[in-house]
């Protein structure tokens, strides 16, 4: 059996839901996803600037089919970025094989790596919840990486979120998943 270990870093500005996205991913992987009859293990760590809003923040997730003994992400397999300042802060911590998923509106620069432009902020506004851009990005990551199923993420967000935000978060996850699929069909 092939062993799996994947690391993801979500990065953005405080208030963009970066930490929530990481928690949803870790929860979905560890509680609701099964691979070949085996459970997955996940750990999530986070850091943010001195102010809760307006400073760079990150949420790191490690997912494995074996217990995880080192909880930190040094060089992510996937970097998911919603803002330019976060891009500038964390882009130097990638490897040539890192896949970068960028919000096309929030990030101006493009890396010399494999990357996907996702219209997360725009799609979240169209859904009616600008704050759901994090869930659009998570949905795109799920489609692009195949790391967990969209159903696992929806189950995780449904038992974590506020009732009023649940519908918007689920729609945003599904829209991001669709955006990831559209991009793959074009690429």
### Message
residue 74 - would you say it is touching a helix residue (DSSP H, G or I) at 6+ places or on another chain (Cβ under 8 Å), farther than 27 Å from residue 166 by Cα and at pLDDT 90 or above?
### Response
yes
### Query
For residue 105, are the conditions met, namely being at pLDDT below 95 and either assigned to a loop (DSSP other than H, G, I, E, B) or under 18 Å from residue 10 (Cβ atoms) (or both)?
yes
### Query
Has region 125-133 got at least one residue that is at pLDDT below 95, on the phi > 0 side of the Ramachandran plot and not in a helix (DSSP H, G or I)?
yes
### Task
Look through region 42-66, keep the residues that are over 10 Å from residue 19 (Cβ atoms), at pLDDT 90 or above and touching a helix residue (DSSP H, G or I) at 6+ places or on another chain (Cβ under 6 Å), and return whichever of them is surrounded by the most Cβ atoms within 10 Å (Cβ to Cβ).
61
### Query
So residue 146 fits all but one of (1) surrounded by fewer than 21 Cβ atoms within 10 Å (Cβ to Cβ); (2) closer than 19 Å to residue 23 by Cβ; what number is the exception?
(2)
### Query
Looking only at region 69-115, which residues are within 25 Å of residue 29 (Cα to Cα) and surrounded by fewer than 16 Cβ atoms within 10 Å (Cβ to Cβ)?
69, 70, 71, 72, 74, 75, 93, 95, 97, 114
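Residue check: is residue 121 in contact with a strand residue (DSSP E or B) (Cβ under 9 Å, 6 or more places away or on another chain) and either closer than 20 Å to residue 56 by Cβ or part of a helix (DSSP H, G or I) (or both)?
Numbers: in contact with a strand residue (DSSP E or B) (Cβ under 9 Å, 6 or more places away or on another chain): yes; either closer than 20 Å to residue 56 by Cβ or part of a helix (DSSP H, G or I) (or both): yes.
In short, yes.
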### Query
Which residues, taken from region 7-22, are modelled with pLDDT of 95 or more and either out of contact with any helix residue (DSSP H, G or I) (no Cβ under 7 Å at 6 or more places or on another chain) or surrounded by fewer than 18 Cβ atoms within 10 Å (Cβ to Cβ) (or both)?
7, 22
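The values are calculated or read from the model by the stated rules, or taken from the named source; none is laboratory data. A quick note: this is a predicted structure, and the numbers were derived from the prediction, not measured. In this analysis, Cβ positions are derived from the backbone assuming ideal geometry, glycine residues included, and neighbour counts consider all displayed protein chains.
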